[in-house]
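For reference, the structure is listed below as structure tokens.
The values are calculated or read from the model by the stated rules, or taken from the named source; none is laboratory data. In this text the structure is predicted, and so the values were computed from the model without any measurement. Positions of Cβ are generated from backbone atoms using ideal geometry, with glycine treated the same way; all protein chains shown enter the neighbour counts. Ligands, DNA and RNA are stripped out before the accessible areas are found, and what is left, the full protein with its side chains, is counted by its heavy atoms. Shrake-Rupley method; radii C 1.70, N 1.55, O 1.52, S 1.80 Å.
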Amino acid sequence: MPTFLFKACFFSYSPERRLCLKPPDMVVGRVKELLEGVLLGHRIEFVDALCAVEYGRRILRVYIDKPGGVTLEDCEWVSRELSTALDVEDIIAGAYTLEVSSPGLDRALKTEKDFKRFAGRKAHIKTKAPIDGRRNFSAIIDGVEADKVLITDTESRKWEIELQNIDKARLEF
């Protein structure tokens with residue numbers, strides 16, 4: 001069964017006990033705020049979070065990373081700390097599953113920092129608007145300059161792609 005993202009991610013109740021819908025961006029933003037405080041000083045970086053429904057279950061997926069890679073112990077520790085913080089803050093009411101993992105070998109690249117960090121690595125980049133008739137690039141990341149990602153494709157052509165024109169980007173291995 002496919003994974004579906006849903007618009008109204010999690011439910012909670014206001015002080016007046018009326019049902020409130022919390023959109024995924026609000027939940028993800030709050031999770032990021034909570035994790036930044038928890039992770040401070042632990043050399044673990046918040047990468048992304050995703051709200052999803054799979055097989056009728058609500059899932060909050062959190063991706064973390066650190067230099068040298070994430071261990072199972074890192075994921076367990078972050079899961080315990082985040083779970084406690086989520087319960088205290090009462091961001092999510094009702095049943096849900098919290099999953100904490102590394103972003104994987106084919107991790108998504110979203111920020112300027114990501115592209116700088118993975119300079120020299122191969123990535124697949126899809127643009128929002130075509131550049132010289134192309135929207136898909138499989139290339140080596142050369143770096144970032146002036147809000148543009150610099151890449152060299154498999155034919156040794158150099159490209160500059162504005163960060164705001166990138167729809168999706170993932171590392172290739």
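One table, with the values for the structure above:
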read-out: Hits in region 101-142 (condition: within 18 Å of the chain's Cα centre (by Cα), open to solvent by 80 Å² or more (accessible area, probe 1.4 Å) and touching a residue at least 24 places away in the same chain (Cβ under 8 Å)); value: 105, 110, 116
read-out: Region 147-164: number of residues that are within 16 Å of residue 110 (Cα to Cα) and not acidic (Asp, Glu); value: 7
read-out: Output for region 51-83, where each listed residue is assigned to a strand (DSSP E or B) and either within 19 Å of residue 40 (Cα to Cα) or small (Gly, Ala, Ser) (or both); value: 52, 62, 63, 64, 65
read-out: Hits in region 61-77 (condition: open to solvent by 40 Å² or more (accessible area, probe 1.4 Å) and among the β-branched types (Val, Ile, Thr)); value: 71
read-out: Sole residue being of a type outside the set (Phe, Trp, Tyr) and touching a strand residue (DSSP E or B) at 6+ places or on another chain (Cβ under 6 Å), chosen from 86, 105, 109; value: 109
read-out: Qualifying residue in region 84-94 (condition: open to solvent by 80 Å² or more (accessible area, probe 1.4 Å), farther than 30 Å from residue 58 by Cα and outside any helix (DSSP H, G or I)); value: no
read-out: Matching entry among 80, 57 (being at pLDDT 90 or above, more than 20 Å from residue 108 (Cβ to Cβ) and open to solvent by 90 Å² or more (accessible area, probe 1.4 Å)); value: 80
read-out: Considering residues of region 32-50 that are assigned to a helix (DSSP H, G or I) and open to solvent by less than 40 Å² (accessible area, probe 1.4 Å) only, the residue modelled with the lowest pLDDT; value: 38
